[in-house]
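Worksheet: one structure, shown below.
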Amino acid sequence: MGRVMTPGTVASYAFGLVLVAIGIGNLLYVHPVPGIAFLIFAMVYFPPVSPWLESTLGTRTASIAKFIFGFVLIWFTLGISDLGEIMGF
């Protein structure tokens, strides 16, 4: 049988994909540094990476902390970053 997709898993993948898209946009239109940073931040949201992070860091990241962090990153990008200005947000 396949893996069960819970609402939390779907939301985690969605935030990850949005941050990957923002990272690629920053790489192409703004500067490589914020683009690479967003791509690294996006890895936190993908469920296959979570067990590796838990074993490496020795602690588990709370889902609400991931949600708040993702919301702040998206808000920052659309509100005050160069990518938001370039895209017309």
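Couple of notes before you dig in:
- Residues that are loosely packed, with under 14 Cβ neighbours inside 10 Å and either at pLDDT below 85 or not β-branched (Val, Ile, Thr) (or both), drawn from the stretch 57-70: 57, 58, 59, 60, 62, 63, 64, 65
- Within the set 40, 22, the sole residue that is among the β-branched types (Val, Ile, Thr), under 9 Å from the mean Cα position of the chain (by Cα), loosely packed, with under 14 Cβ neighbours inside 10 Å and modelled with pLDDT of 85 or more turns out to be 40.
- Applying a threshold of 6 Å to beta carbon distances and a minimum spacing of six or more residues, or different chains, the list of pairs starting in the stretch 61-89 at a residue that is within 19 Å of residue 40 (Cβ to Cβ) and ending at one that is modelled with pLDDT of 75 or more and of a type outside the set (Val, Ile, Thr) reads 70/15; 83/25; 83/26.
- Residue count for the stretch 24-51 satisfying the condition of being within 15 Å of residue 69 (Cα to Cα) and part of a helix (DSSP H, G or I): 7.
- Unique match (being open to solvent by less than 50 Å² (accessible area, probe 1.4 Å) and free of Cβ contacts under 8 Å to residues at least 24 places away in the same chain) among 28, 53: 53
- Selection of the stretch 2-15 for residues being over 17 Å from residue 78 (Cβ atoms) and part of a helix (DSSP H, G or I) yields 7, 8, 9, 10, 11, 12, 13.
The values are calculated or read from the model by the stated rules, or taken from the named source; none is laboratory data. Worth saying up front: this structure is predicted, and the values here are computed from it rather than measured. Cβ sites come from the backbone with ideal geometry, for glycine too, and all protein chains shown count toward neighbours. For accessibility, only protein heavy atoms count, side chains too; no ligands or nucleic acids. Shrake-Rupley method; radii C 1.70, N 1.55, O 1.52, S 1.80 Å.
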